[in-house]
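The values are calculated or read from the model by the stated rules, or taken from the named source; none is laboratory data. Bear in mind that the values here come from a model prediction, so they are computed numbers and not experimental data. Note: ideal-geometry Cβ built from the backbone for every residue, glycine included; neighbour counts use all protein chains shown. With ligands, DNA and RNA removed, areas are computed over all heavy atoms of the protein, side chains included. Shrake-Rupley method; radii C 1.70, N 1.55, O 1.52, S 1.80 Å.
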Amino acid sequence: MRVRRLLLICAFALAALAQTYKPSPENLKARQWFQDAKFGLFVHWGVYSVLGDGEWVMNNRKIPIPEYEKLAPRFNPTEFDPAEWVSLVKEAGMKYITITSKHHDGFAMWGTKQGPWNIVDATPYKKDVIKMLAEECRKQGIKLFLYHSQLDWHHPDYYPRGRTGLTAGRPERGDFNRYLDYMDNQLRELLTNYGELGGIWFDGWWDKPNAEWRLPKTYSLIHSLQPAALIGSNHHRKPFDGEDFQMFEKDLPGQNTAGFNAESEIGRLPLETCDTINRAWGYNSSDTRYKSVPELIRYLVRAAGHNANFLLNVGPMPNGKIQPEFVERLRGIGQWMAKNGESVYGTRGGPIPPRPWGAMTQKGGKIYVHVLDWPDELLALPQLPPIKSAKLLSSGASVEAIKVKGGLVLRLPPAARDPVDTIVVLE
Ligand code: H79
């Protein structure tokens with residue numbers, strides 16, 4: 001009797017194990033690629049861009065659906081040039097683009113067959129910008145990821161409603177499973193007709209954390225269509241089964257300055273953090289508080305020290321152009337990356353996690369010490385693996401590295417310093 005019960009328990013345990021996601025070899029390879037890539041462009045673009053007040057404008061200004069739909073005939077991005085965008089991405093030293101296929105307003109930026117609320121059927125532009133971008137990315141060797149909002153303020157079957165979009169005027173009933181079928185069908189289109197995608201970046205789960213989202217079904221659909229495509233979700237929790245990377249919004253892993261990460265925990269998947277250049281994701285015509293090039297570089301370096309990628313956002317204008325303030329900054333970062341990229345690309349977080357003075361990265365037997373914020377000439381580091389040389393990355397000049405009990409002291413005279421990032425290579 002006992003043995004039988006034990007066998008039964010074993011059988012259940014095995015069945016449960018069988019359900020846990022096993023990433024394919026292609027997927028594991030893609031994760032390595034992703035971690036090596038380190039730097040990507042986030043793009044928030046949709047009909048909301050017309051109003052120049054961010055991607056939450058429908059919710060924030062309480063615009064009801066029939067009024068909001070009037071934005072589509074006004075969205076005509078005739079100046080959109082995918083070759084220009086992708087070239088800019090390369091100039092910035094970025095390796096991938098993550099663009100909104102659909103944001104919370106439900107508007108599809110591709111020619112979906114699941115309904116007319118999309119750029120091909122509802123705008124005078126009539127072109128499939130995701131297709132155009134996917135083709136250009138393939139040409140120029142940039143990977144394309146899609147941001148896809150699970151939350152939908154426009155779809156009548158997104159019911160019961162969640163925490164947001166309560167003033168959109170959606171009907172008082174709806175079939176959430178039908179909505180999820182709609183979303184799965186849209187994802188099937190995206191993963192079938194747009195070539196190889198880098199992955200899907202989900203957002204909006206947090207709108208209804210207690211809903212039955214059928215994630216295993218959606219995730220296995222994606223993995224079966226494209227095993228190498230990486231799935232991540234901005235749910236601000238520890239990664240769920242079936243996910244391939246973990247992202248943080250406006251914070252480095254482990255930090256919570258923006259308030260989204262109270263319940264998030266760092267898992268064991270590749271990491272990414274995203275942030276904006278000004279304060280807005282979608283185009284905002286009055287937001288001029290731009291971060292500086294040095295500020296953005298230092299954030300990228302700190303992210304790398306945390307073993308995370310940096311996904312830096314632009315919100316293109318309704319005419320399809322990226323505003324000059326963003327272009328300038330992306331080029332500025334690119335110039336720095338062209339010289340110092342060795343200490344970022346292909347690295348992993350250093351042997352010592354980031355400190356107030358800076359961060360470390362490592363690759364192939366080298367440790368890159370990024371001194372970002374340290375006014376003194378002497379910097380004491382904790383115990384590191386034995387080293388045979390210490391040099392400035394910029395000039396190759398030797399750096400005095402004095403072994404002391406319990407660590408290593410670097411001497412960085414003013415002439416050796418770079419105000420953005422003084423990089424010492426330990427070998
Ligand atoms: O796409 C960009 C933003 O539009 C989206 N994520 C980035 C990448 C984003 N959606 N929401 N937020 C960012 C912040 C939302 C915060 C809140 Fe809430 C929503 C505060 C109250 C409702 C989530 C749910 C946090 C608390 C409850």
Here's a check for you: in the stretch 158-189, which residue that is under 12 Å from G106 (Cα atoms) and not aromatic (F, W, Y) is surrounded by the fewest Cβ atoms within 10 Å (Cβ to Cβ)?
Q186
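Condition check ((1) in a loop (DSSP other than H, G, I, E, B); (2) surrounded by fewer than 24 Cβ atoms within 10 Å (Cβ to Cβ)) across all residues:
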| site | (1), (2) |
| --- | --- |
| M94 | yes, no |
| T100 | no, no |
| H104 | yes, no |
| G111 | yes, yes |
| Q114 | yes, yes |
| D121 | no, yes |
| P124 | yes, yes |
| K127 | yes, yes |
| M132 | no, yes |
Test each condition in (1) more than 25 Å from L180 (Cα to Cα); (2) open to solvent by less than 10 Å² (accessible area, probe 1.4 Å) for D244 and report the one that comes out false.
(1)
One residue from L191, L215 being closer than 28 Å to L166 by Cα and either among the aliphatic types (A, V, I, L, M) or modelled with pLDDT under 95 (or both)
L215
Residue match in the stretch 332-346 (condition: open to solvent by less than 10 Å² (accessible area, probe 1.4 Å) and either under 17 Å from Q255 (Cα atoms) or not in a helix (DSSP H, G or I) (or both))
yes
Can you tell me which residue in the stretch 372-427 is farthest from G334 (Cα to Cα), limited to those that are of a type in the set (G, A, S), assigned to a loop (DSSP other than H, G, I, E, B) and in contact with a strand residue (DSSP E or B) (Cβ under 8 Å, 6 or more places away or on another chain)?
G406
Scanning the stretch 203-226 for residues that are of a type outside the set (S, T, Y), more than 16 Å from the ligand (Cβ to nearest atom) and surrounded by 15 or more Cβ atoms within 10 Å (Cβ to Cβ), the one farthest from F310 (Cα to Cα) turns out to be R214
The condition from (1) of a type outside the set (D, E); (2) at pLDDT below 95; (3) touching a His at 6+ places or on another chain (Cβ under 9 Å) that T164 misses is numbered (2)
Tally, over the stretch 287-297, of residues that are assigned to a helix (DSSP H, G or I) and of a type in the set (D, E)
1
Meets criteria (among the aromatic types (F, W, Y) and touching a His at 6+ places or on another chain (Cβ under 8 Å)) for Y48:
yes
Residue in the stretch 192-202 that is under 19 Å from the mean Cα position of the chain (by Cα), of a type in the set (D, E, K, R), within 16 Å of the ligand (Cβ to nearest atom) and open to solvent by 10 Å² or more (accessible area, probe 1.4 Å) present:
no
